[in-house]
Ligand SMILES: *[C@@H]1O[C@H](CO)[C@@H](O)[C@H](O)[C@H]1NC(C)=O
């Protein structure tokens, strides 16, 4: 059966994605001490962006009882000065609503007592009792507001937007701003053909060693959708330029600065003056570096020269899959600890089953590589920078690079046999927070390791050459699982204890949970998409999983079992009672996968022949707290 047999509709039906709403709130527009709208009702997952107007406002979170006082770990945007009453500041602040409890906000500007004068705001305020009006009334008599000017943002994404080539001119706009540490600077490409490269003050138009650099992007669109994001790691001055040599953009004044001293020798004007007389600009060879290049919000981890060719990227992603024998990008190969081999001891022919195995693994691998690269980008230059020691972050980076190298096992082999490649889809990566990302990676790796085990066993019978490269990939993924396990402060159980997961169960789980509806031009499908397993509750004693309650689909006839996929390819069955409760087998450790079945005592490898639901991952053991955790 071909991997591409069933049409795109399969995933369309399965992916029931709840779409989040995005709200915009103006802060102090037209000189009024007011949030507009003053209150709004939002669901979990919705986002709210605050736009700041004259004079110098912020949004801060308090408890209902103590208006105008930043609550402990409260959301805070940082102060955002702006001269204009009606043009928003280039910096805005976005929060994601994570529960439906009321959120109380105010502007903490002391100069003019903004909060005490009624400049307050609420999300999901009750209509009665503790209403927004009651909060506002309380604010009138509140003590002077906190926090102080200069306090760093917390609990949301502070973004500075810089236009690259504003109004068709050779300028960055704004080109000289003060910003707070932790702010994400988002450069948006505008017409003509610009790039963004960090320099030192002394050598404008030359790349700074270890600095960021983004490729050229020729465009005629004023909203090209292409952005480059850099996170401010400290408040030291950052100098940058456009490296276009065709019309000496840097020398013509296309330079910018963040946190340049306002006085002394190293002002922005002094930098611009130096640039005017600088020698020809240098174009950095490897881009993007030190920041995140995105097209319509989707990360482009990597491009093959220093000009971003959108047409090649979007029209046919396969075009950028390297052909067999193409040398791997040295930067990536270095990170991965070496390139992929030139060939894989391929046999003369491949079976159709063998093609299916490679395509399934490529489908999974595309998702995992995207997930890891996006996470690594956020940990190094994005919103999670400095959350883990450099050694851990860099280890993760090297494992992420290995996941890209591993894709070549599949793409090289499929190309070698002239078979179809599986294109990457758009993914819903489930990474709103660092913890959530770690959890998603855990699940993805467990699925991938489990599937690879399954396929190694199958390929041994049909396409033996595959066994060795797939086993190598297994090792890399297990190492990664151990690092992630440590970052989650879990016992490092996944490494020796991965379950075997039939690939027929794994890919629909990924398709349903992680693939954006309709984003795969040719959706992979390999048989039926079973309904997801609904776990109603988990019953634990001293942390250990004792039983679970599942929803039995309406009209279920006959007995149902819960199959528990454990290490070494073991599987244990427990009967699901009429109430949906199934006892957990004793002695399970770490993560296990469960699936509802119509029969028991079937080997793990053959579970897909008796499954009645999709799969679900459960933690079975007591939580473990690392002794070195604070
Ligand atoms: C954009 O500029 C780069 C660098 O000068 C150049 O290599 C590239 O050909 C330009 N692209 C277009 C379409 O002008």
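The values are calculated or read from the model by the stated rules, or taken from the named source; none is laboratory data. This is a predicted model, so every value here is computed, not measured. Here the Cβ is made from the backbone with ideal geometry for all residues, glycine too, and neighbour counts use every protein chain on show.
Can you say whether residue 533 is under 31 Å from the mean Cα position of the chain (by Cα) and farther than 30 Å from residue 297 by Cα, as far as the supplied structure shows? Judged against the criteria, residue 533 is a match. Residue count for the range 138-164 satisfying the condition of being over 28 Å from the mean Cα position of the chain (by Cα) and either without any contact (Cβ under 8 Å) to a residue 60 or more places away in the chain or assigned to a helix (DSSP H, G or I) (or both): 5. Scanning the range 49-59 for residues that are crowded, with 24+ Cβ neighbours inside 10 Å and within 26 Å of the chain's Cα centre (by Cα) yields 50, 59. Of all the criteria given as (1) surrounded by 15 or more Cβ atoms within 10 Å (Cβ to Cβ); (2) modelled with pLDDT under 90; (3) farther than 30 Å from residue 421 by Cβ, the one not satisfied by residue 568 is (1).
If you go through the range 222-245 and keep only what is within 16 Å of the ligand (Cβ to nearest atom), under 18 Å from residue 169 (Cβ atoms) and not in a loop (DSSP other than H, G, I, E, B), you end up with just 241. The conditions of being within 30 Å of residue 512 (Cβ to Cβ) and in contact with a helix residue (DSSP H, G or I) (Cβ under 9 Å, 6 or more places away or on another chain) are not met by residue 333. Among residues of the range 271-290 being surrounded by fewer than 16 Cβ atoms within 10 Å (Cβ to Cβ) and away from the ligand (no atom under 15 Å from the Cβ), the one that is nearest to residue 334 (Cα to Cα) is 279.
For the range 183-204: of the residues being more than 16 Å from the ligand (Cβ to nearest atom) and without any contact (Cβ under 8 Å) to a residue 40 or more places away in the chain, which is nearest to residue 307 (Cα to Cα)? Only one residue fits best here, namely 188. When residue 396 is tested against (1) free of Cβ contacts under 8 Å to residues at least 60 places away in the same chain; (2) surrounded by 16 or more Cβ atoms within 10 Å (Cβ to Cβ), only condition (1) is not met. Of the residues making up the range 246-261, not a single one is within 16 Å of the ligand (Cβ to nearest atom), under 24 Å from residue 383 (Cα atoms) and assigned to a loop (DSSP other than H, G, I, E, B). Counting only residues that are part of a loop (DSSP other than H, G, I, E, B) and under 22 Å from residue 432 (Cα atoms), the range 31-70 holds 7 of them.
Quick grid of which residues meet (1) out of contact with any strand residue (DSSP E or B) (no Cβ under 6 Å at 6 or more places or on another chain); (2) part of a helix (DSSP H, G or I); (3) without any contact (Cβ under 8 Å) to a residue 60 or more places away in the chain:
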| site | (1), (2), (3) |
| --- | --- |
| 411 | yes, yes, no |
| 414 | yes, yes, yes |
| 422 | yes, no, no |
| 454 | yes, yes, no |
| 457 | yes, yes, no |
| 473 | yes, yes, no |
| 505 | no, yes, no |
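Working only within the range 528-537, note down all residues that are in a strand (DSSP E or B) and under 22 Å from residue 506 (Cα atoms). Once the filter is applied, which keeps residues that are in a strand (DSSP E or B) and under 22 Å from residue 506 (Cα atoms), the range 528-537 yields 535, 536. Of the residues making up the range 191-244, just one is at pLDDT 95 or above and at positive phi, namely 205.
The rows are residues; the columns are (1) crowded, with 22+ Cβ neighbours inside 10 Å; (2) within 16 Å of the ligand (Cβ to nearest atom).
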{"position": "142", "(1), (2)": "no, no"}
{"position": "145", "(1), (2)": "yes, no"}
{"position": "169", "(1), (2)": "no, no"}
{"position": "206", "(1), (2)": "no, yes"}
{"position": "218", "(1), (2)": "no, yes"}
